[in-house]
Amino acid sequence: MEVLPTLIKALGISQPVVYGHSDGGSIALIYAAHHATRALVTEAAHVKVEAETLAGIRQAQTMEQLPAKLSKYHGPKAHQLVADWIRIWLAEGYRDWSIEALLPQITCPTLVLQGAQDEYASTQHMYDIAEQIGPQARALLVEEAGHELHREAPEQVLAAASQFIMEALA
């Protein structure tokens, strides 16, 4: 977890607003637990391995189009990225992975977003994250979205995140 703090420091930002999706949401949570953060927004973040996570990843394993879909963002590394992502999440030794112990260390205003049809997490996962962070956290379930809620419900996600960030910065 050295890249994000180094980047933020190099940019001269002392208290960033951190925004992350999925595993990036987990990274954002870890960052906010260890560094001064003005506000935090997570979309479909993971803090532990759930049965829904494993089932969704097993389903993704059968989706031949997934590497092609991700190649838009990851180029020729997409096939290896997907293979590594699947291998790590499904590894027997990874079943106990959790960052839940870090959540109470997050002191900044936090918005926890999740799609109601998220293929990789239960709805309860989102509520558990917000509860473990504390009263400065707010959970928002986006009914018409799955794991990629910023693509599936962009207007709702952008409006909620924008309003939340503006309130946090006020």
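The values are calculated or read from the model by the stated rules, or taken from the named source; none is laboratory data. Note that the structure is a prediction, hence the values are computed from the model and not measured. Glycine also receives a Cβ, built like all others from the backbone with ideal geometry; neighbour counts cover every protein chain displayed. Quick note on the areas: whole protein, heavy atoms, side chains included, nothing else; ligands and nucleic acids left out. Shrake-Rupley method; radii C 1.70, N 1.55, O 1.52, S 1.80 Å.
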| remark: Among helices (runs of 4 or more DSSP H) completely within region 49-151, the ones holding 3 or more residues that are at pLDDT 90 or above and among the β-branched types (Val, Ile, Thr) are 123-133
| field | Single match in 53, 42 (criterion: hydroxyl-bearing (Ser, Thr, Tyr) and more than 15 Å from residue 102 (Cβ to Cβ)) | value | 53
| Enumeration of residues in region 1-48 that are basic (Lys, Arg) and either without any contact (Cβ under 8 Å) to a residue 24 or more places away in the chain or within 24 Å of residue 115 (Cβ to Cβ) (or both) | 9, 48
| said: Among the residues that make up region 58-78, is at least one of them surrounded by 12 or more Cβ atoms within 10 Å (Cβ to Cβ), in contact with a His (Cβ under 6 Å, 6 or more places away or on another chain) and more than 16 Å from residue 148 (Cα to Cα)? | reply: no
| Options 78, 116: the member that is of a type outside the set (Asp, Glu), more than 17 Å from residue 20 (Cα to Cα), free of Cβ contacts under 8 Å to residues at least 60 places away in the same chain and out of contact with any Pro (no Cβ under 9 Å at 6 or more places or on another chain) | 116
| note | (1) farther than 17 Å from residue 53 by Cβ; (2) open to solvent by 60 Å² or more (accessible area, probe 1.4 Å); (3) within 16 Å of the chain's Cα centre (by Cα) all hold for residue 141 apart from (2)
| What number of residues in region 14-45 are open to solvent by less than 50 Å² (accessible area, probe 1.4 Å) and farther than 14 Å from residue 106 by Cα? | 6
| task | Being surrounded by 11 or more Cβ atoms within 10 Å (Cβ to Cβ) and part of a helix (DSSP H, G or I) is the filter here, so list the residues in region 1-13 that pass it. | result | 4, 5, 7, 8, 9
| task | Determine which single condition residue 161 fails, assuming it passes every other condition in (1) of a type in the set (Gly, Ala, Ser); (2) over 15 Å from the mean Cα position of the chain (by Cα); (3) open to solvent by less than 90 Å² (accessible area, probe 1.4 Å). | result | (2)
| query | Taking region 79-96 as the region of interest, how many residues are surrounded by 15 or more Cβ atoms within 10 Å (Cβ to Cβ) and of a type outside the set (Val, Ile, Thr)? | reply | 4
